[in-house]
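These notes concern the structure reproduced below.
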């Protein structure tokens with residue numbers, strides 16, 4: 001490690017608290033630069049960014065169009081408070097509404113995905129006059145107090161008691177169906193159970209259903225055909241709003257502009273962050289239908305943030321969206337997604353510890369198991385890494401930065417990736433899985 005990198009590391013360990021970590025066990029890599037789908041550490045090692053950092057760097061590292069937009073806005077005006085009109089904010093709101101169904105009317109801007117979801121709940125409750133929110137057990141909606149309350153995954157219980165009025169239901173997790181059924185014979189029992197729970201809770205008390213369009217950091221559960229359409233039908237039948245959390249799935253990640261575009265549905269509220277500006281500057285968005293927006297023509301909108309619609313954040317998003325359109329990156333994500341899925345399925349057939357391959361666009365998860373017949377997880381859910389530590393190490397050793405959690409390997413490269421980069425990375429992942437398999441076999445034999 002060069003002296004500058006070593007200094008940065010020493011200062012980090014002395015002064016910085018890292019998220020979701022036992023601090024004394026950390027030895028984080030120093031990252032010195034990034035370009036395209038790659039980044040480099042302080043020792044000069046190059047990694048293909050197959051996590052897109054935190055599934056937010058959709059356009060990769062140092063995209064010139066976004067950097068240009070940031071510099072231009074900084075020269076014109078760095079900040080103006082939310083009560084004033086900021087041109088970049090106005091243009092971005094118009095742009096985003098243009099991407100959504102014609103039922104949509106206005107945007108409220110936040111600082112990230114967590115507060116986008118929190119403010120979506122505030123808006124839903126204010127509009128309906130009802131309190132309860134239905135979410136899923138295997139879900140993640142953010143780390144702030146309200147957002148973690150909406151979340152189902154194991155990061156929630158340590159901060160409880162949490163926000164009241166949250167009702168949870170099971171997920172469309174076909175590989176491990178909560179009802180012991182198989183699609184399509186199941187007749188979408190996972191969706192029908194949502195309706196049953198809502199009836200027990202009394203729909204007159206439920207403001208909204210808040211679902212990730214495709215479950216993200218809990219396993220990339222691509223819903224079976226008809227699931228999201230049935231959820232929307234249930235919401236309409238029972239007079240409940242449908243909120244789609246697009247924080248992770250928006251802006252090309254699934255091969256469509258939004259994850260919900262993979263289904264024939266029209267949500268009432270859509271939350272966004274991450275890919276809206278590829279994470280270059282913090283930004284979140286709550287887009288609402290015209291009907292919901294009208295509520296606040298006469299009633300107070302009890303939402304506010306100092307950095308709501310920050311001019312530079314909004315400008316960076318405009319640069320991001322301009323690049324997506326000019327470079328046809330949604331089309332690229334769809335085309336590369338098909339190639340990605342085919343490649344991963346071949347890897348799944350070749351490596352015995354891969355139990356399930358889930359992929360939509362450039363959003364994928366390999367579920368690792370000890371035995372394909374029993375489907376016994378390679379490492380326990382919410383437990384220590386165990387044999388999965390071999391997978392993490394082998395990927396890094398082969399120049400692949402991925403997100404490994406429980407018995408899942410999440411793979412989500414930037415949507416700018418080309419065929420050569422994708423094929424080379426799949427070869428590296430293949431090699432890593434082979435190396436990890438040998439180490440795992442020695443450990444568990």
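In table form, for the structure just shown:
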{"item": "Residues that are out of contact with any helix residue (DSSP H, G or I) (no Cβ under 8 Å at 6 or more places or on another chain) and either touching a residue at least 60 places away in the same chain (Cβ under 8 Å) or under 17 Å from residue 178 (Cβ atoms) (or both), drawn from the range 193-211", "result": "193, 196, 197, 200, 201, 204, 205"}
{"item": "Breaking point among (1) under 16 Å from residue 36 (Cβ atoms); (2) under 22 Å from the mean Cα position of the chain (by Cα), for residue 399", "result": "(2)"}
{"item": "Subset of the range 212-239 [surrounded by fewer than 24 Cβ atoms within 10 Å (Cβ to Cβ), out of contact with any helix residue (DSSP H, G or I) (no Cβ under 6 Å at 6 or more places or on another chain) and in a helix (DSSP H, G or I)]", "result": "229, 232, 233, 236, 237"}
{"item": "Enumeration of residues in the range 427-445 that are touching a helix residue (DSSP H, G or I) at 6+ places or on another chain (Cβ under 6 Å) and buried (at least 20 other Cβ atoms within 10 Å of the Cβ)", "result": "432, 436, 440"}
{"item": "Residue list for the range 128-144, filter: surrounded by 19 or more Cβ atoms within 10 Å (Cβ to Cβ) and at positive phi", "result": "142"}
{"item": "The range 387-406, residues that are more than 13 Å from residue 48 (Cβ to Cβ) and in contact with a helix residue (DSSP H, G or I) (Cβ under 6 Å, 6 or more places away or on another chain)", "result": "387, 390, 391, 394, 404"}
{"item": "Odd one out for residue 154 among (1) more than 24 Å from residue 265 (Cβ to Cβ); (2) in a helix (DSSP H, G or I); (3) touching a residue at least 12 places away in the same chain (Cβ under 8 Å)", "result": "(2)"}
{"item": "So residue 46, is it in contact with a strand residue (DSSP E or B) (Cβ under 6 Å, 6 or more places away or on another chain), surrounded by fewer than 21 Cβ atoms within 10 Å (Cβ to Cβ) and outside the structural domain of residue 222 (by TED's automatic domain parsing)", "result": "yes"}
{"item": "Flag for residue 126 being in the same structural domain as residue 221 (by TED's automatic domain parsing), touching a helix residue (DSSP H, G or I) at 6+ places or on another chain (Cβ under 7 Å) and farther than 17 Å from residue 212 by Cα", "result": "yes"}
{"item": "Where residue 437 falls short, out of the listed (1) over 24 Å from the mean Cα position of the chain (by Cα); (2) modelled with pLDDT under 95", "result": "(2)"}
{"item": "Answer residue from the range 320-365, given it is outside any helix (DSSP H, G or I) and without any contact (Cβ under 8 Å) to a residue 60 or more places away in the chain and is surrounded by the most Cβ atoms within 10 Å (Cβ to Cβ) among those", "result": "357"}
{"item": "Verdict on residue 61 being crowded, with 21+ Cβ neighbours inside 10 Å, under 21 Å from the mean Cα position of the chain (by Cα) and over 18 Å from residue 310 (Cα atoms)", "result": "yes"}
{"item": "Checking residue 297 against (1) more than 21 Å from residue 55 (Cβ to Cβ); (2) out of contact with any helix residue (DSSP H, G or I) (no Cβ under 8 Å at 6 or more places or on another chain); (3) in contact (Cβ under 8 Å) with a residue 24 or more places away in the chain; (4) part of a helix (DSSP H, G or I), the condition it does not meet", "result": "(3)"}
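The values are calculated or read from the model by the stated rules, or taken from the named source; none is laboratory data. This is a predicted model, so every value here is computed, not measured. Don't worry about glycine lacking a Cβ; one is built from the backbone with ideal geometry, like all the others, and counts go over all protein chains shown.
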